[in-house]
1. By what distance, in whole Å, do the Cα atoms of the chain stretch along each of the three principal axes, largest value first?
2. I need the per residue convex hull volume for the range 154-226, using only the alpha carbons, in cubic angstrom as a whole number.
3. On the first, second and third principal axes, largest extent first, how far apart are the outermost C-alpha atoms of the range 82-144 in Å?
4. On alpha-carbon atoms, Rg over Rh for the range 107-203 using Kirkwood Rh?
5. Would you mind getting the accessible area per residue of the range 277-394, heavy atoms of the protein chains only, 1.4 Å probe, in Å²?
6. Keeping all protein chains in position, work out how much accessible area Ser350 exposes to a 1.4 Å probe, and write it in Å² to the nearest 10.
7. Could you check how many percent of all C-alpha pairs in the range 275-394 are farther apart than 23 Å?
8. How much of the calculated P(r) for the range 258-330 lies past 14 Å, in percent of all Cα pairs?
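The values are calculated or read from the model by the stated rules, or taken from the named source; none is laboratory data. Please read these numbers as outputs of a predicted model, since none were measured by experiment. We place every Cβ from the backbone using ideal geometry, glycine too, and count neighbours over all the protein chains shown. Surface areas here come from the heavy atoms of the whole protein model, side chains and all, with no ligands, DNA or RNA. Shrake-Rupley method; radii C 1.70, N 1.55, O 1.52, S 1.80 Å.
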Amino acid sequence: MAEVIHLEIAAPVSSAPPKHVQQRFHVKSFGCQMNVYDSERMGDVLTAQGMAATDSPDDADVVVLNTCHIRERASEKLYSDIGRLRQPRRDGSRPTIVAAGCVAQAEGAEIAVRAPAVDVIVGPLAYHRLPQLLQEARGGRVIDIDMPAVPKFDALPARRIAQASAFLTVQEGCDKFCTFCVVPYTRGPETSRPAADLIAEAAALVARGVREITLLGQNVNAYAGGLSLSGLIRELAQIDGLARIRYTTSHPRDMEGAGGDDLIAAHAEVAKLMPYLHLPVQSGSSRILKAMNRAHTRDSYLATLARLRAARTDIALSGDFIVGFPGETEADFQQTLSIVHEVGYAAAYSFKYSVRPGTPAATMADQVPETVKDERLARLQAAINEASLAFNHTTIGRRCTVLLERPGRKPGQLIGKTPWLQSAVVSLPGAVIGDLVEVEIVSAMPNSVEAVPCATTQSPV
Ligand code: SAH
Ligand code: SF4
Ligand code: F3S
């Protein structure tokens, strides 16, 4: 049963008459790709109720804020958005406001007190019940932050996505409990969807024109849904019309030793599996990694990368970094800078440590001053930009495919992704979004490359 709490302080939903007969919804997504997937699925749920999507929150009857709790600044975005949405519009109406996602899960009761304008508070594992919750919200605010045993995926309608590249959540939750992180508390324990369901969902996506699928999970390489992740990838690779498979985010711990062998072998053997791996290390200092409870060291991480590179020489690597974790010294930070140079990341994301109440690191001694974090972040980002540019330079002259995803800035230009997940600007008369085109990379910038149509018969990556 859903935990549905009716709070007396809740104001009834807008009484102003709707201007349009068909109800409209707008979903705003914050945070990670798993939230992007969930946002799309909430859209599917509302569309199945006869509602229509709108790009603007201003003409929506229902606005869903799909929130992220990972850092303090991410969390605060919910409250600034609510502040705007609760202002009456010209006709006196305001939308029904739904707070969804990880902030809703972590701070459900607090949101109700701090932002009384919110009508529905729903966690990431309960949003399949959105229609029922919207119905109940007519009588006052509802909160559903249950983590139900019946998987939401079984209750969701068919997907309606019409894009060349789609996300597919295969695994949710986290059992790793890194000392800085809220995810185990907001997404619950690791669970994997059954492989058969995923193969069916992937086949349906391909039938809708999807060419690339990115398998998602907070710890995607811990996937265990009857098949391992590599087994699932091998099955998906059998689907005709599916050209590319990716997966994210992986944890180094699940790739170490014999446990990682089959996934690493898949990188060598499955042509549709793209040569790219996001494997966050967080810090280059084994001392800090221990305090973070990452269960890998600098050396074990580098050993995993060496095995990957032996299996697939051109694999592009990316990572996440946290600077200013409690107790991080300049010497620890130097180790982080040196690992960036040593690995030669194609891309990496770096963050200042943000205190998350309730996590073990929040109460650790030796919190690093904000000014030191700022200064380290700037140095780290400079090192990452240098590494990305150097990686992009190594790809000049390579022939590869690009999956075109959006228009470029100049007329006739399209932007897509190379196998190594670089943004590639392509000018190719007659090409349209969704095409998988063969190109040669001709120049490199820090965050993108330029490519021209391939004039060769040689088969590209
Ligand atoms: N499951 C993934 C990451 C999920 S969160 C993994 O284990 O790598 C995405 C990234 O946010 C993390 O990799 C980390 O770099 C960052 N992050 C998480 N908690 C944070 C915090 N409290 N402060 C700053 N960055 C954080
Ligand atoms: Fe957070 Fe660590 Fe789990 Fe990643 S592995 S989601 S960083 S607790
Ligand atoms: Fe944020 Fe939740 Fe994703 S906290 S990063 S939206 S799992």
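1. Reported extents, whole Å, longest axis first: 63, 59, 45.
2. Cα convex hull per residue, to the nearest whole number: 103 Å³.
3. Taking max minus min along each principal axis of the Cα atoms, the range 82-144 gives 35, 23, 16 Å.
4. Rg/Rh: 1.02.
5. Per residue, the range 277-394 has 40 Å² of solvent-accessible surface.
6. Here the residue's solvent-accessible area equals roughly 20 Å².
7. Percent of Cα pairs beyond 23 Å in the range 275-394: 28.
8. So the portion of pairs separated by more than 14 Å is 62 percent.
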